[in-house]
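Data first, discussion second: the structure below is written as structure tokens.
What follows is calculated from the coordinates using simple rules that are stated; it is not laboratory data. These figures come from a predicted structure and were not determined experimentally. Cβ sites come from the backbone with ideal geometry, for glycine too, and all protein chains shown count toward neighbours.
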Amino acid sequence: MPAASRTTRIALPERRRRYRFSMTAMADMLFQLLIFFMLSANLTPFAMLDVRTGSLGGAGAGNGETPATSPAAVTDIRATAVWTLTPQGLTASGQRFGLDRVALLAEALAAQGTANVLVVLRPEVPVQDVITVLETLSARGIGSVQIADGTIR
């Protein structure tokens with residue numbers, strides 16, 4: 001073989017492959033997680049609930065009147081319903097109901113002229129159940145709702 005036909009191979013330097021990290025996939029994933037958590041979160045604005053606090057003595061308790069002599073503190077027992085809210089549902093007049101029946105109970109209270117509701121909360125009642133009861137009563141025109149802690153000691 002002639003020397004001219006022989007080719008000498010020159011070794012070219014190898015290029016190192018660079019792997020680049022793309023932030024696009026991570027940003028897409030974060031937006032998907034954000035949308036998921038926004039849709040699965042409880043969106044009830046608790047700040048919009050009209051909650052008033054007061055003492056058990058009634059309106060005249062601060063001005064020297066006793067609860068018995070204060071006209072604002074006297075409530076007709078027939079105009080007050082007592083509901084016990086448990087994690088399993090609602091107890092009213094000795095009967096147990098599911099939370100799906102709260103609207104019917106509130107309509108019955110409004111029809112018979114009951115103006116006040118005392119809701120006794122048992123331990124471990126979810127906040128959403130309390131909100132459901134309060135909103136249902138408010139929608140049926142029952143605005144005087146009192147909440148009491150029903151912890152058995």
So for segment 77-153, what percent of the C-alpha to C-alpha distances run longer than 14 Å? 56 percent
Neighbour net charge for Gly89 - beta-carbon separation under 15 angstrom, K R +1, D E -1: 0
